[in-house]
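The values are calculated or read from the model by the stated rules, or taken from the named source; none is laboratory data. All figures in this text were calculated on a predicted structure; none of them were measured in a lab. For neighbour counting, all protein chains shown are included, and Cβ atoms are generated from backbone atoms with ideal geometry for every residue, glycine included.
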Amino acid sequence: MERQKLSIVCFSGDFDKALAAFTLATGAAAVNWEVKMFFTFWGLNILKKKTGRTWIGGGVLAKVFNFLMGGKKNLPLSRLNFGGASPVLMTGMMKKSNVATLDELVEAAKALDIDFVACEMAMHILGIDKNDLDEHVKHVAGVATFLDASKDGHIIFI
């Protein structure tokens, strides 16, 4: 029997949306689905090797943009962010409730061998290269390549 396929396009850099994407991805992989995650624009923030604010990128504007975006530790909550305090509070609530945190879900995704694909166009615009991203990112691809690899499966945008 052919494995079910799930491809998730992560274009948001919001904490709660990243949680949703990784929860769906790890859940599907845990029941033996083939899972790909395509990170573009703000979603690339989740994959940055440096998780805080850094001056990466080619050119002054790209460096400023990447600094302001931050990294995984600077993902805002999509609503009621309270100056960045909400993701910290939410993580605490998750730990207290024995629910996997974003960091734990990312590590689980790696352990489940979920394919992380970085968007070539977004990387070019933001002036970042593969060396700026987590080592689990094995592929940098354009939309056409990602869609071809995702055919005959479910595609979700988060």
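Checking every residue in the stretch 51-60 against the condition of being within 25 Å of Phe146 (Cα to Cα), touching a Cys at 6+ places or on another chain (Cβ under 6 Å) and of a type in the set (Gly, Ala, Ser) gives zero matches.
Reported count of residues in the stretch 31-58, each being within 10 Å of Lys72 (Cβ to Cβ) and out of contact with any helix residue (DSSP H, G or I) (no Cβ under 9 Å at 6 or more places or on another chain), is 0.
Here Phe67, Phe82, Phe146 are screened, and the one residue that is within 28 Å of Ala29 (Cα to Cα) and among the aromatic types (Phe, Trp, Tyr) is Phe146. For the stretch 109-129, the count of residues that are touching a Phe, Trp or Tyr at 6+ places or on another chain (Cβ under 8 Å), closer than 17 Å to Phe15 by Cβ and hydrophobic (A, V, I, L, M, F, W, C) is nonzero. Restricting Leu68, Leu77, Leu102 to residues that are within 14 Å of the chain's Cα centre (by Cα), modelled with pLDDT under 95 and closer than 16 Å to Trp42 by Cβ narrows the list to Leu102. Every listed requirement among (1) among the small types (Gly, Ala, Ser); (2) crowded, with 19+ Cβ neighbours inside 10 Å; (3) free of Cβ contacts under 8 Å to residues at least 60 places away in the same chain is met by Gly57 save one, (3).
Could you say whether any residue in the stretch 26-41 is surrounded by fewer than 16 Cβ atoms within 10 Å (Cβ to Cβ), aliphatic (A, V, I, L, M), in contact (Cβ under 8 Å) with a residue 40 or more places away in the chain and closer than 18 Å to Leu105 by Cβ? Checked against the condition, which is being surrounded by fewer than 16 Cβ atoms within 10 Å (Cβ to Cβ), aliphatic (A, V, I, L, M), in contact (Cβ under 8 Å) with a residue 40 or more places away in the chain and closer than 18 Å to Leu105 by Cβ, the stretch 26-41 yields at least one hit. With respect to Gly27, is the statement that it is at pLDDT 90 or above, within 23 Å of Asp113 (Cα to Cα) and in contact with a Gly (Cβ under 7 Å, 6 or more places away or on another chain) true? Answer is no for this residue. So, of the residues in the stretch 1-59 that are more than 10 Å from the chain's Cα centre (by Cα) and in a strand (DSSP E or B), which turns out to be nearest to Asp134 (Cα to Cα)? So the residue we want is Lys36.
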